[in-house]
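Working notes for the structure below.
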Amino acid sequence: TCPDGQIYQVGDRNDGCKTLACYGGVSSGCETTVNAWRLSMQVKCAPARNIESSTWEGEAAKKQQQEEENRDDGNSFLSWTKAQEKAAETVKQMTNEECMGMLYGHGLGVDGGWVGEMHGVPRLGIPDLKMQDSGAGFRPYAGPSEFGTTTSWPSMLALAASWDEALVSVVAQAIAQEFKGKGANMMLGPGLNVHRSPLGGRNFEYISGEDPYLGARLGASYVKAVQGERVMVTIKHWAFNEQELDRSSTSSDVDERTAFELYYPPFEAAIKAGAAAVMCSYNFVNGTQACSNSALVTGVLRDKLGFPGFVMSDWSALKGVGALSAGTDMEQPDPDWFAPALLTQNNALFRARIAAQHILAAIYHLRLDEFPGCTLPCAASRQSNQRTPAHVHLAEEAAAKGIVLLQNNGVLPLRANVKTILVLGGDSDVGDTLNTWGLGSPYSGGGSGHVPALDVVTPLEGIRLLATSRGIEVLTARSDLDRADIVIVVGATTSREAQDRASFGLDHDADGLIAEVAKEKPTVVLLEIPGAVLTPWRRDAAAIACMFLGGERTGSAWASFLFGDTVPSGKLPITLPASEANLPMPGAAEAGPVVYSEGLATGYRSPTWKVAFPFGHGLSYTQFELSNPSWTECDAGPCAIFPCFRLDVANVGKHRGSEVVQAYLHFGDDVAEPKLLLRGFQKTSELQPGSSETLTFVLMPRDFSTYNVGRGSWETQDDVTVRVGTSSVDLLEPRLELRDAPPVARRKSRESAARYDEHGEGKKLSENIKVLKKK
């Protein structure tokens, strides 16, 4: 809808592009610049693609983007359009054998410890792709001699617990730097799957936790930071790989609405952030293996989400050569199905050239041909030590910021009157598991995401070091219980790839130990966990905190937290249940398909889960007061046409600290959404006692939209209530009704998307909007 009140439809062009004619817009090739509400909207598309990608930006941002599209300074990325054009020209010069040679790997670990690789074409300047796993940093797969040469970082779930995009970006950048230093130019991550079952074996690898909005925000930050270092990401696992049990034979049967509203958004956001590669998963989806599922790989990923890069298989995931025609472009780690002889025999040469073009476009987009790095096997790079003091310090900071304080009766931070500490628990002083496949540890989960740490700081070591410096005695024998002023029990469990967890309990009977000592002495429980656990002893504990596998500096982070050097600000990215009742469990293949019958009702969205600690929960050592929530006119610029609200956050306690304020939407009953859906969060700066900060939130049309299966599009809703608080249950009154937002912003944002939805072709406007926000 343009300022003249007319509605102009988006129309298909013969070349597969979409253009928008609005208020005097002038078409030029595949790009049309229009002026709408004094904003610039540029509709861009790739050649021969029926996808639109709309971007709302200010004049300055638009000018900057156009300059980046046109300039060739050797540092910026090549635009996808130019990268695709360059790829098409290169493929014309390639033989069939050269194209097919790019579509498969050359073994697992056979070439100097690379878990995956693609051999380039030197005569055309096409570089090798050197791939490594990244669940907790660079996986040192070259053998024990490589252990300790890369940092063992906090898990992706631990980063999610920070609810801190800036921290995620800094950590991701550091990890990418270690990848580059080791010679890698492709990262097999990040993991974006939204948790379904709390027992999922790889839940620790997924930065989304149990919420798609959280995963979209944090995942996009991670992607931008890694690729900013010119290391290609591979977002995974596409799709519905939410369990490990029988992962190569079970079918995840998911309805369309659940898929688009709950499981796709983190991937969609990562694609918009520039992700160049996607990894398809082991499992079947609605009866068809994921990598061979054309509806999933081509219909959704490329056509609906607009993915322009290439799709690679998970390791040995393919079931047949038909995966190529379905949209998968590369097989790893060996050519079981994409071998040249098989492709030739199956008349797949045309599709092989398209796949090679997809791979080349991703390479050219990141300009990896201009920055190829070392030549395989990259022996010197692999022997280098990329674990720097700065990175170790950052790993500790990230672990500390991911600590979630679940409850505290005032015992923390430890006070000056504490003279004797008793540290108990079978996992209080264990080292890391020194492997790159198999069992995990309390510091790093098992499987391909494990990064062994030679110099891990255990909880006991970290606590003892800091306590001793302050004149506090640390005891470790259960027989010393009577001497202790306070007891700290470390309870842990871990998980691994290829199998789901068997229970919600802690290892080494830590649950029994906690229950016993908590009745006798003030007890602080430190949980080191890969996902949800039960806490049947929680009412007896003086304080409880959790860390979701914090990496090699776990013990130092715990000590800093306990003594108040670091003030906790983490929030739960998952729900910690009070019982196993009504929780989705992994299903065996012999029992038939794993039907996602609960739909959207997982985690905090479920009305039947019994909750011990809710999603978004996390205490501080101080107290915050939220007040004065109200609609407001947004600052001038792109945000001005969208509904904005603000509120004040004051530190009314006695310690410094920061708070993560969360915004949840409640939709009217007619659309049958869960009671609350996360649609915003912001972390305050560190506030001193008595100081305050005003936060402003912007609601995008997508935020107050629901997915209409019949029309295959997102639709904005009118009956929407905003709830603001510090967790999914600790919410402020009064509530904000969307209908009470400033009329201009409400009308222009809601009616624009709604009217385009009415006229069909514009139905993706709201789902593809991106705003240059002013904080």
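List of remarks:
- One entry in [x] 34.2, 120; [y] 50.3, 161; [z] 26.0, 83 is Rg and Dmax of the Cα atoms in Å calculated from the shown coordinates; its label is [z].
- Positive-end ranking of 221, 252, 267 along the dipole of segment 211-275, with charges on Cβ about the Cα centre, is headed by 221.
- Net length gained if the chain between residue 481 and residue 371 were fully extended (0.36 nm per residue, minus Cα distance): 33.6 nm
- Prolate/oblate/rounded label for segment 107-233 (Cα gyration tensor, a/c 1.5): prolate
- Contact order relative to length of segment 389-506, as percent, for alpha carbon pairs under 8 angstrom and 6 or more apart: 33 percent
- Among 333, 513, 607 - extreme Cα towards positive end, dipole of the chain, charges at beta-carbon: 607
- Heavy-atom accessible area, probed at 1.4 angstrom with all protein chains present, ranks 316, 479 as 479, 316, highest first.
- Charge sum, other residues only, whose C-beta stays under 12 Å from residue 106's C-beta, Lys/Arg counted +1 and Asp/Glu -1: -4
- Modelled spin-label separation between residue 711 and residue 248, with each label point placed 7 Å from Cα along the Cα-to-Cβ direction: 4.4 nm.
- Residue-normalised accessible area of segment 305-431, expressed per residue, 1.4 Å probe, Å²: 37 Å²
- For the pair residue 473 and residue 345, label points projected 7 Å from Cα toward Cβ lie 7.6 nm apart.
- Rounded, prolate or oblate (a/c below 1.5 giving rounded, otherwise prolate when a/b exceeds b/c) for segment 287-356 by Cα gyration tensor: prolate
- Carbon/sulfur fraction of accessible area - the chain, other protein chains in place, 1.4 Å, %: 49 percent
- Segment 302-389, relative contact order [Cα under 8 Å, separation at least 6], %: 26 percent
- Put a plus charge on the Cβ of each Lys and Arg, a minus charge on the Cβ of each Asp and Glu, and nothing anywhere else: the dipole of the chain about its Cα centre is then about 1180 debye.
- Partner aspartates and glutamates whose Cα lies under 13 Å from the Cα of residue 610, excluding those fewer than 8 positions away in the same chain, are identified as 580.
- The mean sequence distance of close C-alpha pairs (under 8 Å, at least 6 residues apart), as a share of the length of the chain, puts its relative contact order at 14 percent.
- Accessible solvent surface per residue of segment 214-255, calculated while the other protein chains remain in place, 1.4 angstrom probe, Å²: 21 Å²
- Candidates 132, 376, 563 compared by Cα position along the dipole of the chain: farthest toward the positive end lies 563, with charges placed on Cβ.
The values are calculated or read from the model by the stated rules, or taken from the named source; none is laboratory data. Just so it is clear, the structure is predicted and the values come from calculations on it, not from any experiment. With ideal geometry, Cβ positions are generated from the backbone for all residues, glycine too; neighbour counts draw on all protein chains shown. Just so you know, the surface numbers come from the protein's heavy atoms only, side chains and all, with ligands and any DNA or RNA stripped out. Shrake-Rupley method; radii C 1.70, N 1.55, O 1.52, S 1.80 Å.
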